[in-house]
Amino acid sequence: MHVAVCVKQIPDPAAPGELDASTKTLKRAGKLVMDDSDSYGVEMALQLVTEAGGGSVTVISMAPNQEVKGVKDALAMGADKAIVVTDDALQGSDSLSTAKVLAACVQRAGDVDLVLAATESTDGYTGTMPVQLAELLGLPSVTFAKKVSTDGSKVTVDRQTEAGYDEIEAPLPALVTVTAGVVEPRYPSFKAIMAAKNKPVELLSLADLGLDAGSVGWAGARQEITAITEAEARKAGEVVEDDGEAHTKIVSYLENLKVV
Amino acid sequence: MPVGKIWVVAEPAEGGVATAALELLTGARGLGSAVEVVTWGSGAQAAEALGAHGATAVFTVDTGDLLPAVLVASAIAAAIEAKGAPDAILAAQTYESRDIAGRLSAKLDLPVLTNVVGLAEDGGRLVSEHAIFGGATMVNAAFNGTSPQLFVVRPKSFAAESSGGSAPATEAITAGDTGATGTATVKAVHVEERSGPKLDEAAVVVSGGRGLGEKEKFDMIEALAKLLKGAPGASRAIVDAGWVPYAYQVGQTGKTVKPTVYIACGISGATQHMVGMKGAKHIIAINKDSEAPIFGIADLGVVGDVHKVVPKLIEALKAK
């Protein structure tokens, strides 16, 4: 069982975001970390390989600036190796460009049975990249998985829906997106963190993958930011300290609105 | 030069189409010269509702027991081939429609703009609006000449309004050969019984966050929501922690809600959350940290312990 997991390296979500005035895109210059949303996919991949009785997990990622910190986080959890595409021309890549780059990575990883990704990233949250990747690879896809199992020839997924969940089956190879919270990502031990330092990380340029720089990054996105404006701020109202009776304040507020 | 024809991807729901589809139709008919719909499943029986919201043609795709996205995207690509491309295709940011837009984008090598919360026409092309940094900043974007323009629009971005139109003719369109991509099959459907209104349609939403401390405490959020005939919601933190399913999540990577009253319990107000609920008419927040950002947008803020305030609130409402 060979599972490829898409991992996005993002600016620390706890730090306030900032726009680059010249490119009008999110600044990604600082330290990057593995998107928490991807830790569920990594955990799922490790569990599926264990259940299958063996195999390997390959992390695939891209970064405009040689960054591998977030990928190391996934290796510390137990993934075996990583393929990271890093190239200045990736700056400004949209979801389709990203899918093109990651598709080349999956092909390079060779004989992948299952591709896992998060349902959406924390920073860009377009949620379209995994399905675009599946289309480019010619794979079936199942999004919003809350439970995943395989028997080596097919994948069975409990897929979150508006009304509950559906049981979906697809032949392997396939792509599945994993919703957050459905498995508990393991916390890497100190030993695992040290071991991750020696795991293979293949750094590739676009040229290495035979990709044209014009088909990715800003040029490939074929879109522009036409304006950036401050939204009208919502004003703070009354703030009260609970003296044991604050609930009555809420009740009368709701009564005024005729909600109760 | 105005925008010409727009196709709207209308997701089926409960024997008809989703409210999000009617919202999109309402938005689209104010932008394009004609609006046509692509739908599947129970959407094929919704011609009347679709017509009443401005659709002048309905194209249906038979998806059988397959997961619909691949088939619908393939059928749209084939229809573009046969009928010519519309100026724009709009899909709602819902489970199937977002996948359809993604499949279509890769199939036609077209960029797609997602998380759209508004659309306007400017010089013959559509300009989309996106909320970033928790809705504090709005960004406008447009395509550099790609056609059709492909947008994925968040539900609640437009209000559904009837146009008074009649049911248009429906026409079946079919997918081409989808090969291995079209092999994901729906084996069983599980409907979880839920009393009360849906999260994105409820007049009252009561949400819980990390401040609840443990999974079991979400019971009081559900109890309060039930008392107010509302729906329970959640912050991303407790969805990630596995306390409640993803369907409960309010925020950027979750649902946008615009209820009359939103009650945030033990939610600090990360930008991730606020972008999904700041459109509520009235916001009540209960949090023990007086510095929590949620108080910056709450109409009534209570600095206090949710474990004390919420049970008392429940008792007081029950006593009424």
Within segment A:182-197, restricting to residues that are charged (D, E, K, R) and part of a loop (DSSP other than H, G, I, E, B), the one that is surrounded by the most Cβ atoms within 10 Å (Cβ to Cβ) is A:186
Given (1) touching a residue at least 60 places away in the same chain (Cβ under 8 Å); (2) within 23 Å of the chain's Cα centre (by Cα); (3) within 14 Å of chain A (Cβ to nearest Cβ), residue B:183 misses just (2)
**Message:** Would you confirm whether or not segment A:199-209 contains a residue that is out of contact with any His (no Cβ under 9 Å at 6 or more places or on another chain) and over 27 Å from residue A:89 (Cα atoms)?
**Reply:** no
Taking segment B:212-227 and keeping only residues that are crowded, with 23+ Cβ neighbours inside 10 Å and in contact (Cβ under 8 Å) with a residue 40 or more places away in the chain, one is left with B:212, B:221
In segment A:198-210, anything within 22 Å of the chain's Cα centre (by Cα) and either farther than 17 Å from residue A:110 by Cβ or surrounded by 15 or more Cβ atoms within 10 Å (Cβ to Cβ) (or both) is listed as A:199, A:201, A:202, A:203, A:204, A:205, A:206, A:209
Next on the checklist: With the structure loaded, tell me whether residue B:94 is buried (at least 20 other Cβ atoms within 10 Å of the Cβ), among the polar types (S, T, N, Q) and in contact with a strand residue (DSSP E or B) (Cβ under 8 Å, 6 or more places away or on another chain) or whether it fails that test.
Outcome noted: no
Only one of (1) more than 17 Å from the chain's Cα centre (by Cα); (2) aliphatic (A, V, I, L, M); (3) buried (at least 24 other Cβ atoms within 10 Å of the Cβ) does not apply to residue B:231, and that is (1)
Only one of B:211, B:196, B:182 is within 30 Å of residue B:302 (Cα to Cα) and outside any loop (DSSP other than H, G, I, E, B), namely B:211
Residue check for residue A:216: at pLDDT below 95 and under 24 Å from the mean Cα position of the chain (by Cα): yes
Scanning segment B:57-72 for residues that are out of contact with any Phe, Trp or Tyr (no Cβ under 7 Å at 6 or more places or on another chain) and free of Cβ contacts under 8 Å to residues at least 60 places away in the same chain, the one farthest from residue B:157 (Cα to Cα) turns out to be B:64
Residue count, segment B:107-154, condition at the interface with chain A (Cβ under 7 Å from one of its Cβ atoms), closer than 11 Å to residue A:222 by Cβ, of a type outside the set (A, V, I, L, M) and touching a residue at least 40 places away in the same chain (Cβ under 8 Å), comes to 0
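With A:179, A:126, A:119 as the choices, which residue is more than 16 Å from residue A:3 (Cβ to Cβ), touching a Ser or Thr at 6+ places or on another chain (Cβ under 6 Å), crowded, with 21+ Cβ neighbours inside 10 Å and free of Cβ contacts under 8 Å to residues at least 60 places away in the same chain? Steps first, please.
Numbers: A:179 fails: free of Cβ contacts under 8 Å to residues at least 60 places away in the same chain; A:119 fails: free of Cβ contacts under 8 Å to residues at least 60 places away in the same chain.
So the residue among A:179, A:126, A:119 that is more than 16 Å from residue A:3 (Cβ to Cβ), touching a Ser or Thr at 6+ places or on another chain (Cβ under 6 Å), crowded, with 21+ Cβ neighbours inside 10 Å and free of Cβ contacts under 8 Å to residues at least 60 places away in the same chain is A:126.
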Exercise. Hey, does segment A:173-192 have a residue that's within 14 Å of chain B (Cβ to nearest Cβ), within 22 Å of the chain's Cα centre (by Cα) and of a type in the set (Asp, Glu)?
Worked result: yes
Checklist line | Test: residue B:122 is closer than 29 Å to residue A:137 by Cα, surrounded by fewer than 20 Cβ atoms within 10 Å (Cβ to Cβ), among the charged types (D, E, K, R) and assigned by TED's automatic domain parsing to the domain that holds residue B:25 | finding: no
Per the list (1) in contact (Cβ under 8 Å) with a residue 40 or more places away in the chain; (2) surrounded by 16 or more Cβ atoms within 10 Å (Cβ to Cβ); (3) polar (S, T, N, Q); (4) within 14 Å of another protein chain (Cβ to nearest Cβ), residue check on residue A:23 breaks on (2)
Sole miss for residue A:79 among (1) of a type outside the set (Asp, Glu); (2) buried (at least 22 other Cβ atoms within 10 Å of the Cβ); (3) more than 19 Å from residue A:189 (Cα to Cα) is condition (3)
Within segment A:238-258, residues out of contact with any helix residue (DSSP H, G or I) (no Cβ under 9 Å at 6 or more places or on another chain) and on the phi < 0 side of the Ramachandran plot come out as A:241, A:243, A:249, A:252, A:253, A:255, A:256, A:257
Residue check, residue A:256 closer than 30 Å to residue A:81 by Cα and free of Cβ contacts under 8 Å to residues at least 60 places away in the same chain: no
Going through segment B:162-179 in order, the residues found to be part of a loop (DSSP other than H, G, I, E, B) and in contact with a Phe, Trp or Tyr (Cβ under 7 Å, 6 or more places away or on another chain) are B:173
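The values are calculated or read from the model by the stated rules, or taken from the named source; none is laboratory data. Computed from a predicted model, the values in this text were never measured in an experiment. Cβ sites come from the backbone with ideal geometry, for glycine too, and all protein chains shown count toward neighbours.
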